[in-house]
Structure formats: structure tokens, C-alpha cells
Amino acid sequence: MARIIMVDPAEATGKTKELLDVVKAKMGMVPNMMRTMANSPAVLSGYLGFSSGLSTSTLGGKLGELIALTVANGNGCNYCNSAHSFVAGKMGIKDQDVADARHASSTDLKINAALTFSKEILNSRGAVSEEALSSVRAAGYNDQEIVEILAQVSLSIFTNYVNILADTDIDFPKQPPIEKK
């Protein structure tokens with residue numbers, strides 16, 4: 001059971017209602033995560049802005065989803081694991097690629113480098129080694145893309161922490177729970 005009350009879109013007013021209406025128009029529903037964030041219009045607006053900004057990154061949506069899966073599993077966020085597995089499937093990402101991303105790996109060498117680097121960012125809290133930075137560059141990522149990987153990891157950490165703290169009810173097809181470390 002959720003530990004933070006979710007805002008009912010039908011009862012929302014003001015800025016909160018405006019933001020939830022935008023989410024519903026775009027997604028056809030208002031996910032529980034966003035209903036939880038809607039307790040603060042500033043938080044929901046910040047999330048939507050950051051997410052929207054990253055949608056134009058040079059990494060592309062598919063790599064963004066794979067990074068989100070790597071981070072969700074690294075942080076033990078069952079909500080984000082389920083949500084991003086569902087979205088990845090809708091984007092045409094193969095089930096095996098989703099499963100591999102949960103473990104920060106891919107058979108595609110360039111994607112594998114991005115996922116490995118994402119896990120390094122997560123595990124080192126951003127203080128990645130020179131070796132990790134050299135490896136991601138050697139795989140073909142430039143400074144713009146490296147900063148975009150960092151941004152995707154950062155956004156994912158935020159959503160993971162919201163859902164872990166709130167114990168958000170999963171409103172996507174549930175994936176097996178992630179073992180807590």
C-alpha cells in the first residue's frame with residue numbers, strides 16, 4: 001500500500017489539474033507515479049520538464065529506456081522496473097534486450113558501453129573512474145552523449161527514489177520483484 005497519498009486527477013485543481021490533464025492527454029492515463037508527484041505541482045512540473053527535455057537527446061528513446069531499466073534494477077525500484085519494461089515493449093525493444101538491460105548489459109557493444117557507464121555513474125554517485133570515462137568514449141560516445149547518459153541516470157534516480165519512498169502502487173504489468181541488496 002502506498003505510503004504517500006496519490007492525487008486524484010478528478011479532484012485536482014489549479015496548476016496540479018493543468019499538469020495532470022497534460023499527462024492524461026499525452027499518455028491516455030495518469031500513472032500512479034505522477035499522481036504521487038502531483039502532491040507538489042513544482043515537483044511534477046520539474047519531472048515533466050526534465051523528461052521532456054531528455055526526449056530530444058541524441059541518445060534516443062530506446063537507449064533512454066534501457067538506461068532507466070539499468071538504474072531501476074540497480075536501485076531496486078519495482079515500480080520503475082515494471083513501467084520501463086512495459087514502455088520498452090511498446091517501443092519494440094525485444095524481451096531479451098529488456099532482461100539484459102536490467103543487468104546493465106547488451107549484445108550491442110555500443111549500448112553495452114552506455115549501460116555499463118550508467119551503472120558506474122550510479123554505483124560511484126557520479127565519481128566515475130578515468131577508465132570508465134575512457135571506455136565509454138572508446139565505444140563512440142562524445143561529451144554531449146556522455147552528459148546525456150548522466151542526465152538519464154539522474155532522472156531515473158529521482159523517479160526511483162520517489163517510487164521507493166512512496167511505495168507507489170504499480171499500475172503497469174508487474175515484473176518479478178527486484179531482490180533488495
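The values are calculated or read from the model by the stated rules, or taken from the named source; none is laboratory data. Model, not experiment: these values are computed from the prediction. Note that each Cβ is placed from the backbone with ideal geometry, even for glycine, and that neighbours are counted across all protein chains shown.
Can you spot a residue in region 97-117 that is in contact with a Pro (Cβ under 7 Å, 6 or more places away or on another chain) and either assigned to a helix (DSSP H, G or I) or surrounded by fewer than 23 Cβ atoms within 10 Å (Cβ to Cβ) (or both)? Within region 97-117, not a single residue is in contact with a Pro (Cβ under 7 Å, 6 or more places away or on another chain) and either assigned to a helix (DSSP H, G or I) or surrounded by fewer than 23 Cβ atoms within 10 Å (Cβ to Cβ) (or both).
With the requirement that a residue be more than 14 Å from residue 1 (Cα to Cα) and surrounded by fewer than 19 Cβ atoms within 10 Å (Cβ to Cβ), what does region 158-171 give you? Those that are more than 14 Å from residue 1 (Cα to Cα) and surrounded by fewer than 19 Cβ atoms within 10 Å (Cβ to Cβ): 158, 161. In region 120-148, which residue that is among the acidic types (Asp, Glu) and within 22 Å of the chain's Cα centre (by Cα) is farthest from residue 56 (Cα to Cα)? Of everything passing the filter in region 120-148, 120 is farthest from residue 56 (Cα to Cα).
Among the residues of region 113-140, not one is touching a residue at least 24 places away in the same chain (Cβ under 8 Å), touching an Asp or Glu at 6+ places or on another chain (Cβ under 9 Å) and farther than 20 Å from residue 76 by Cα.
Here is the figure for region 1-38: residues that are within 20 Å of residue 174 (Cβ to Cβ), in contact (Cβ under 8 Å) with a residue 40 or more places away in the chain and touching a Leu at 6+ places or on another chain (Cβ under 8 Å) total 2.
Scanning region 54-78 for residues that are part of a helix (DSSP H, G or I) and free of Cβ contacts under 8 Å to residues at least 40 places away in the same chain yields 61, 62, 65, 69. When residue 55 is tested against (1) crowded, with 17+ Cβ neighbours inside 10 Å; (2) over 23 Å from residue 125 (Cα atoms); (3) over 10 Å from the mean Cα position of the chain (by Cα), just one condition goes unmet, and that condition is (1). Please indicate, with yes or no, whether at least one residue in region 79-90 is at negative phi, without any contact (Cβ under 8 Å) to a residue 12 or more places away in the chain and assigned by TED's automatic domain parsing to the domain that holds residue 110. Taking every residue of region 79-90 in turn, at least one turns out to be at negative phi, without any contact (Cβ under 8 Å) to a residue 12 or more places away in the chain and assigned by TED's automatic domain parsing to the domain that holds residue 110. Checking 30, 22 one by one, the residue that is surrounded by 21 or more Cβ atoms within 10 Å (Cβ to Cβ) and either outside the structural domain of residue 148 (by TED's automatic domain parsing) or not charged (D, E, K, R) (or both) is 30 and no other.
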